[in-house]
Amino acid sequence: MKTFYGTPLSNPLMLGTAQYPSPAILEHAFRNSGAGVATVSLRREAGAGQTFWQMVRDLSVLVLPNTAGCHTVKEAVTTAHMAREVFDTKWIKLELIGHTDSLQPDVFQLVEAARILTEDGFEVFPYTTDDLIVGERLLAAGCEVLMPWGAPIGSGRGLNNEYALRAMRAEFPEIPLVIDAGIGLPSHAAHAMELGYDAVLLNTAVARSGDPVAMAKAMKLAIEAGRLAYQADPIEARDMAEASTPVIGKAFLS
Amino acid sequence: MTVWSIIGAGVAGLAVASELVARGAKVQVFDPGGAPGPHGCSWWAGGMLAPWCEYENAEEPVLRLGQMAIDWWAKRTQVHRRGTLVVANPRDLPDLRRFARRTEGFSEVDDRKITLLEPDLHGFEKGLYFDAEAQLNPRQALLDLSHQLQDHGVEFHHARAPTGLDHAIDCRGLHAREYLQDLRGVKGEMLVIRCPDVTLTRPIRLLHPRVPLYIVPRGDGVYMLGATMIESEDSSRITARSMLELLSAAYALNPAFGEAEVLEIGVDLRPAFPDNLPRIRRLGPTIYANGLYRHGYLLAPALAKGVADLALDNKHSEMVDEDRT
């Protein structure tokens, strides 16, 4: 099993902590999801979210702070430093937003910020597109994990470009790959795992569902199913039917 | 006769006092802040009595307990029963559908019906109309309650409550957190603007995937724009981003809001427990009533009834989660 900067994840679900109806529901959802990692945003309200952050620490899972809402390298680097202090971790999910409406990552700034942060000892989880060259540049900048989007953040559209995500898996067989953003349904999460991705990061699909606790469980089961299916080497799709029982010897001509 | 000492004269404290007095109890009120004013978070509330809209993102008690609020308040202050209109920009219609699935008590309205309800709203093709919802003016409601209580001979002490009170009811919101460890503050920011060019006659909620906001008419062209919900306990400032979001929402409802005069900026912390539902706790001689979160005016009547049930009849309503006398 691949590790994330040396840390293995027994449950490859990274679950966000935003937008739940209440902290109590957030906690139940986490317990039900078995998520191995909690992502948390620091951008809003520098320093004043202590009570909430303590709740996140109390979930007793690994914390992956993020730079959500940052539009420039400078903002992202500052936020990363704050996150390291608040959560006492080298992990940072690097998010550099290039466009307010699509929340599409600005990959040029992303590579630059990734280099600055890895040189500074951070372990960077970059939220990127499915572009292979950007992936290469991020690895060259020192990243040891890549997190391509499935679809724009919060859109719930699933894996928009399966071809590109397959190509990425094939291009970086040794690198832990995480589908980050765009997951709306458990089937999307299963799909990502079936392609051989190593983890799935999601938030809105659980937090904004009608019953986040139940949806968290559904995601957990789907991810487990998808991973088992990938390990089990699924059959190839084909154009012709293939009978599962032999026809020779049957009186099929009678 | 027992004298109940209410500590804190925000919406929780005054509602509890009012309910106790209505049941024939004798009360006195302590609040070092004096008369209702900007020092309490109740001052900055929206005053929407909207249990069906709130139910979209809250647990069942908010819907059930909130429904008694409209009649409770109507006996004590002016309540406007003109319903709530929920709209979304065309590109955010999935949010409107989700909202509709998660609650009840509305009818679907199209652009013609929206224009009939609110002629100054433009560009909205679909909406939800919650006709049974109501609103009040929170500041007027606080003043009305305090005047009624004074008329009933209730004494208001503009001072901290003395320690060791025998029959105390602590309604201090976040100030009581040293006794209520699981209480937290949730930051809210709001604006009061004046824009006589726009006439809206009922609370309007504008759905948005990231920043859902509402606008409440206060009369005379004055509107309250609210409110952000941020897991932060810094009530010292509003951020530029929040102000942008609030004003953009108003502008989206009607571009004439661009000409509005900004009258007030409000920032405060809502007291909340982990499930965002209110609680009543009796610890020794003190009853704590707290955690109204963003439902101050909506749930204060139910909270007040629960406190009166416990204090006067030793009855444990569903909000009582601890009783150690």
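Looking for whichever is within 10 Å of chain B (Cβ to nearest Cβ) and buried (at least 16 other Cβ atoms within 10 Å of the Cβ) here; the options are A:THR67, A:THR51. Which one fits?
Only one candidate passes the filter, namely A:THR51.
Quick one: count up the residues across the range A:121-169 that are more than 16 Å from A:GLY196 (Cβ to Cβ) and either aromatic (Phe, Trp, Tyr) or assigned to a loop (DSSP other than H, G, I, E, B) (or both).
Count: 20.
Can you confirm whether B:THR103 is under 18 Å from B:TRP52 (Cβ atoms), polar (S, T, N, Q) and either modelled with pLDDT under 95 or within 24 Å of the chain's Cα centre (by Cα) (or both)? Break it down into steps so the answer makes sense when it comes.
Values: under 18 Å from B:TRP52 (Cβ atoms): yes; polar (S, T, N, Q): yes; either modelled with pLDDT under 95 or within 24 Å of the chain's Cα centre (by Cα) (or both): yes.
Taking the combined requirement at face value, the residue satisfies it.
Which residue is most open to solvent (accessible area, probe 1.4 Å), if the candidates are limited to the range B:97-108 and must be away from every other protein chain (no Cβ under 14 Å) and closer than 27 Å to A:GLY154 by Cα?
The initial filter retains those residues of the range B:97-108 that are away from every other protein chain (no Cβ under 14 Å), namely B:105-108.
Pick out the ones that are also closer than 27 Å to A:GLY154 by Cα and you get B:106, B:108.
Numbers: B:PHE106: 59, B:GLU108: 140 Å².
The qualifying residue most open to solvent (accessible area, probe 1.4 Å) is B:GLU108.
Say whether the condition of being out of contact with any Pro (no Cβ under 9 Å at 6 or more places or on another chain), in contact (Cβ under 8 Å) with a residue 24 or more places away in the chain, part of a helix (DSSP H, G or I) and open to solvent by less than 70 Å² (accessible area, probe 1.4 Å) is met by at least one residue in the range A:40-48.
no
Name the residue, out of A:VAL63, A:VAL77, that is of a type in the set (Val, Ile, Thr), in contact with a Phe, Trp or Tyr (Cβ under 7 Å, 6 or more places away or on another chain) and not in a loop (DSSP other than H, G, I, E, B).
A:VAL63
Check the range B:44-67 and report whether any residue there is of a type in the set (D, E, K, R) and more than 30 Å from B:PRO274 (Cβ to Cβ).
For the range B:44-67, residues of a type in the set (D, E, K, R) and more than 30 Å from B:PRO274 (Cβ to Cβ): absent.
Between a residue in the range A:204-222 that is within 13 Å of chain B (Cβ to nearest Cβ) and on the phi < 0 side of the Ramachandran plot and any residue that is among the small types (Gly, Ala, Ser) and assigned to a helix (DSSP H, G or I), which pairs come within a Cβ distance under 6 Å, given they are 6 or more apart or on different chains?
Cβ pairs passing all conditions: A:PRO212/A:ALA29; A:VAL213/A:ALA29.
B:ASP182 is checked against (1) at pLDDT 95 or above; (2) open to solvent by 10 Å² or more (accessible area, probe 1.4 Å); (3) not basic (Lys, Arg) and fails just one. What number does that condition carry?
In the conditions (1) at pLDDT 95 or above; (2) open to solvent by 10 Å² or more (accessible area, probe 1.4 Å); (3) not basic (Lys, Arg), B:ASP182 misses (1) alone.
Out of all the residues in the range B:152-164, is one or more under 19 Å from B:PRO271 (Cβ atoms) and not charged (D, E, K, R)? So that I can check it myself, show each step before the final result.
Initial filter on the range B:152-164 (under 19 Å from B:PRO271 (Cβ atoms)): B:160-161.
From the residues that got through so far, the ones that are not charged (D, E, K, R) too are B:161.
Scanning the range B:152-164 turns up at least one residue that is under 19 Å from B:PRO271 (Cβ atoms) and not charged (D, E, K, R).
For the range B:117-153, name all the residues that are assigned to a helix (DSSP H, G or I), of a type outside the set (S, T, N, Q) and touching a residue at least 24 places away in the same chain (Cβ under 8 Å).
Within the range B:117-153, B:LEU117, B:PRO138, B:ARG139, B:ALA141, B:LEU142, B:LEU143, B:ASP144, B:LEU145, B:LEU149 qualify.
Have a look at B:GLY284, B:GLY266 and point out the one that is surrounded by fewer than 24 Cβ atoms within 10 Å (Cβ to Cβ) and more than 27 Å from B:ILE169 (Cα to Cα). It would help to see each step written out before you state the result.
Values: B:GLY284 fails: more than 27 Å from B:ILE169 (Cα to Cα).
Every option except B:GLY266 fails the conditions.
Among the residues of the range B:68-89 satisfying the criterion of being surrounded by 19 or more Cβ atoms within 10 Å (Cβ to Cβ) and either touching a Pro at 6+ places or on another chain (Cβ under 8 Å) or small (Gly, Ala, Ser) (or both), which is nearest to the other protein chains (Cβ to nearest Cβ)?
Here the answer is B:ALA88.
Return the total of residues in the range A:96-149 being touching a Lys or Arg at 6+ places or on another chain (Cβ under 7 Å), surrounded by fewer than 20 Cβ atoms within 10 Å (Cβ to Cβ) and within 21 Å of A:LEU42 (Cα to Cα).
2
State which residue is farthest from the other protein chains (Cβ to nearest Cβ) when the search covers only the range B:220-241 and only residues that are open to solvent by less than 50 Å² (accessible area, probe 1.4 Å) and not in a loop (DSSP other than H, G, I, E, B).
If we take residues in the range B:220-241 being open to solvent by less than 50 Å² (accessible area, probe 1.4 Å) and not in a loop (DSSP other than H, G, I, E, B), then B:VAL222 is farthest from the other protein chains (Cβ to nearest Cβ).
The values are calculated or read from the model by the stated rules, or taken from the named source; none is laboratory data. Values in this document were obtained by computation on a predicted structure and should not be read as measured data. With ideal geometry, Cβ positions are generated from the backbone for all residues, glycine too; neighbour counts draw on all protein chains shown. For accessibility, only protein heavy atoms count, side chains too; no ligands or nucleic acids. Shrake-Rupley method; radii C 1.70, N 1.55, O 1.52, S 1.80 Å.
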